[in-house]
Amino acid sequence: MIHSKITASDFEKALDIGRPPNVKTLFPHSKALLVSGKYIDLAMLRKGNCMTIAANGRNAFVIRGALAAAQRANAAIIIEIARSEGGTGAYCAVNLWNIARQTDAFMNELGITIPVAIHADHFGIKTPEDIDPAKTEIQSLFDAGITSIAIDASHMPDEQNLLANLALYPYIPDWAGLETEVGEIKGKLGLSTAQEACFLIQGLNAHNIFPNWIALNNGTTHGIEASDTGINVELTAQIHEALSKYKVSGAQHGTSGNNSDRLREIASKTRTTKANVATALQMISWGVEVNDYGNAILDKGQFIKHSDQGVSETLWAEMQAFAQANNLKGGDFKKLNLPFESKFLAQPKDIRDRMAKGVETFVFGLLTTVFNATDTAPIVIDEIIKNNSHDPGFKAEKIESEMDWTKEKILEKATDINTDKGPKGNFDD
């Protein structure tokens, strides 16, 4: 059913011209409006003081629930999976090569008419040796229906981060949404600075690369959190202001772990348009109790499972036994996704339905009362029709001189950056 604020003729027109070439090739007869991440960013900016969810589809029920919530909210959203979650070393059955196919299928099945971008999040580059094989892998992702990507070389020094982005950009379609990152997600340690962010964005700008989003280490973390320490709104606003002339939006990582008031501040006081939510959605789909922060509530170190929500009690007991046998605790419960996806899907229909419904209820609340994303779907469709293209073009323009950002000058400029990256370790995204 077409939402009342989107006419059938406009939807059909957007479907015809708004889907990128890879999506049209893969799904020639589809009625799912999969679009470039650029359009999602533009819609949030046009409405103003809002951001939308980038839902990490760790299982099929998260994807279904997030889509249903977005349809109810008339909101454009992003469905994503990170390279650690769904790459070649995946811990989820949903992966970078099947997430577009699953999302397209669910949208057609459920009659979803809002625009959706498919994002490859945290495509991690941790050493210079990772760059060459990534060139082939990135192309394969777009062949599989990805419409937006985050090149995350933040694990390396600033100059290597920039050089990795420059090396990989030619393998990303011009029409695709693009995210870059400065600073690993380490909570209050190794916070990003305006100097680091400007170095990365200025260097990209000099080479005609204009990211839609930049992700920062602005005080948040991933996974299960023990406290409400989270996003530093003031730091985020300060860095976004320093980047304002480059017209890059913010991507907020680690949204689970921040209460609604803080997330409303991020939406209203910064240039953030994309908010990643992963752990909370996974836990809710399983029936685990979470608080307003999206954190699982623990009772003597154990998760609280609602008997009338999420997976069946029998399957939950099996999941706990598997976790104990494999010494999986807290945030490592995410590794249950891969071995249990088929068992999730094999449950009775009423159990499967309530798994998705729990996610739908939570995401609908975020979109409508926290992120201010209601009615952003028609904005995307309007922009597609206005541009008469699957590609709205770049929202920024070249300001920096390429001659000032040669490899030699990049290495030289990096020596002037005063930075504290925080402790080394496995801060997997």
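A few remarks follow.
- Helix-only CD estimate at 222 nm, as mean residue ellipticity for the chain, using -39500 (n - 2.57) per DSSP H run (n ≥ 4): -12500 deg cm²/dmol
- Cα shape, the range 369-421, gyration tensor, a/c 1.5 rule: oblate
- What the Cβ-Cβ distance of ASP404 and GLU129 gives, at R0 = 25 Å and to the nearest 0.05, is a FRET efficiency of 0.35.
- Using C-alpha pairs below 8 Å separated by at least 6 residues, the relative contact order for the range 194-313 is 22 percent.
- Potential lengthening between GLN195 and ASP261 on full extension [0.36 nm per residue; Cα-Cα distance subtracted]: 20.9 nm
- Gyration tensor verdict on the range 272-391 (Cα atoms; rounded if a/c is under 1.5, prolate if a/b is larger than b/c, oblate otherwise): prolate
- Subtracting the Cα-Cα distance of GLU234 and LYS335 from 0.36 nm times their residue separation leaves 32.9 nm of extension gain.
- Neighbour counts of C-beta atoms inside 10 Å place ASP391, ASP158, ASP174, ASP152 in the sequence ASP174, ASP391, ASP158, ASP152, starting with the fewest.
- Packing-based exposure ordering (other Cβ within 10 Å, fewest first) of ILE114, ILE351, ILE40: ILE351, ILE114, ILE40
- The range 293-332-the range 21-96 distance, computed between alpha-carbon centres (Å): 27
- Of all DSSP bridge pairs formed entirely within the chain, close to 10 percent run antiparallel.
- Mean separation of Cα pairs under 8 Å and 6 or more residues apart, divided by the residue count, gives the chain a relative contact order of 24 percent.
- In the range 310-354, trypsin sites (Lys or Arg not before Pro) in a DSSP loop with at most 15 other beta-carbon atoms within 10 Å: LYS329
- Which listed pairs, of LYS5/LYS47; LYS126/LYS398; LYS305/LYS357; LYS47/LYS274, have C-alpha distances above 19 Å, in listed order: LYS126/LYS398
- Percent of C-alpha pairs per 10 Å bin, the chain, short to long: 5, 24, 34, 26, 10, 2, 0
- Cα shape, the range 1-120, gyration tensor, a/c 1.5 rule: prolate
- Fewest-first ordering of MET319, MET107, MET355 by other beta carbons within 10 Å of each residue's beta carbon gives MET319, MET107, MET355.
Laboratory data are not the source of any read-out in this text; all were calculated from the coordinates shown. Here the structure is a predicted model, which is why all the values come from computation and not from measurement. Neighbour counts run over all protein chains shown; Cβ positions are idealised from the backbone, glycine included.
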